[in-house]
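Below: the structure, in structure tokens.
Taken together, the values in this text are just the output of simple stated rules run on the coordinates, not laboratory data. In this text, all values refer to a predicted model and were calculated from it rather than measured experimentally. In this analysis, Cβ positions are derived from the backbone assuming ideal geometry, glycine residues included, and neighbour counts consider all displayed protein chains.
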Amino acid sequence: MNTILIVDDDKEIRKLLKLLLNNANYDAVETENGEEAVSLLRNEQERASISLVLLDVSLPGMNGFETGSEIRTFSNIPILYLTAHGEEYDKILGFASGGDDYIVKPFATSELLARIGALLRRYYLYGADEGASRKKIISIGELRIDEDACKVTVAGLEKKLTAKEYEILLLLCRTQGKVFSADSIYDSVWGEYGGESAANVVMVHIRKIREKIERNPQQPDYIKTVWGMGYKIDY
């Protein structure tokens, strides 16, 4: 079970967030200021148990942006800023200080949970092993992905994919055999909640990828549909 660190000086908000997260099958731990959060995360054993940080911007002492910047000096853990300010300048500050996403209060609980889910999926697929080198060549059957060159070949022939097609294929290939729902693919690749249109958007992209990499797109060798669940690479 993923554990989320809540950093907020308002006890009632921490209580509400913890209840929300627990109901969504997340564990939660709390700190009331940035200094406590940084201290907790500097401990390697404690940090290993935390999957994401919900970080309020308006904190006493070290504010949220300063806290995020400090965390980024030693960890790539996902940071989701919570703030009452939605101005463009505040968003720029948030991303510049190491934030991965930004949500403005008041927010719908469904949106918060969708953003948390998307950040966690991207983290585990692209950056969970801090300092570890990632495999640069993926080979599955005759399909080959060169991550350094962003190049896809099948039986030695290069296939021209769009950026989103490439990201979807890479997402599936890195976790061969794992089933991803259309919503989770959209969240991970587009970096936002897709809503009702996500399934159709992903379906169209999957069809185009199959047309480019499969010998017979109607009977694919690589991207398989798991009916009622989503898609996976299974060769």
What translational diffusion coefficient, in µm²/s and rounded to a whole number, does the Stokes-Einstein relation yield for the stretch 45-86 at 10 °C and a viscosity of 1.306 mPa s, taking the hydrodynamic radius as the Kirkwood radius over Cα pairs?
-> 145 µm²/s
Along the three principal axes, how long is the stretch 3-126 when you take its alpha carbons, biggest first, rounded to the nearest angstrom?
-> 34, 31, 31
For the pair ALA96 and ASP146, how long in nm is the line joining their label points, each one 7 Å along Cα→Cβ?
-> 3.8 nm
Separation between the LYS15 and PHE74 pseudo-spin-labels, each 7 Å from Cα along Cα→Cβ, expressed in nm?
-> 3.2 nm
Counting other C-beta atoms within 10 Å, which of CYS173, CYS150 has the fewest, and how do the rest follow?
-> CYS150, CYS173
³J(HN,Hα) computed for each position of the stretch 17-29 - Karplus, 6.51 cos²θ - 1.76 cosθ + 1.60, integer Hz, glycine/proline x = 5, 5, 4, 4, 5, 4, 5, 9, 6, 10, 7, 9, 10
In deg cm²/dmol, rounded to the nearest 500, the helical mean residue ellipticity at 222 nm of the chain, built from -39500 (n - 2.57) for every DSSP H run of length 4 or more, is -13000 deg cm²/dmol
Would you pull out the residues with amide H under 5 Å of LEU59's amide H, same chain only if 5 or more places away, H placed 1.01 Å from N?
-> GLY64
Residue by residue through the stretch 60-76, the couplings from Karplus 6.51 cos²θ - 1.76 cosθ + 1.60 with θ = phi - 60°, in Hz, x for Gly and Pro, are x, x, 6, 6, x, 5, 5, 5, x, 4, 5, 4, 5, 6, 9, 8, 9
For the chain, percent of DSSP beta bridges that are antiparallel (nearest 5) comes out at 50 percent
How big, in percent, is the set of alpha carbon pairs in the stretch 137-233 lying more than 24 Å apart?
-> 14 percent
For the Cα atoms of the chain, what angle does the longest principal axis make with the long axis of helix 109-126, in degrees from 0 to 90, nearest 10?
-> 60 degrees
Vicinal HN-Hα couplings computed from phi for the stretch 211-219 (Karplus, 6.51 cos²θ - 1.76 cosθ + 1.60; Hz; Gly/Pro x) | 4, 8, 10, 9, 5, 9, x, 6, 10
Amide H neighbours of HIS85 under 5 Å, at least 5 residues apart or on other chains, H built in the peptide plane: list them.
-> LYS105
Report, as a whole number in µm² per second, the diffusion coefficient that Stokes-Einstein gives for the chain at 37 °C and 0.692 mPa s using the Kirkwood radius over alpha carbon pairs.
-> 170 µm²/s
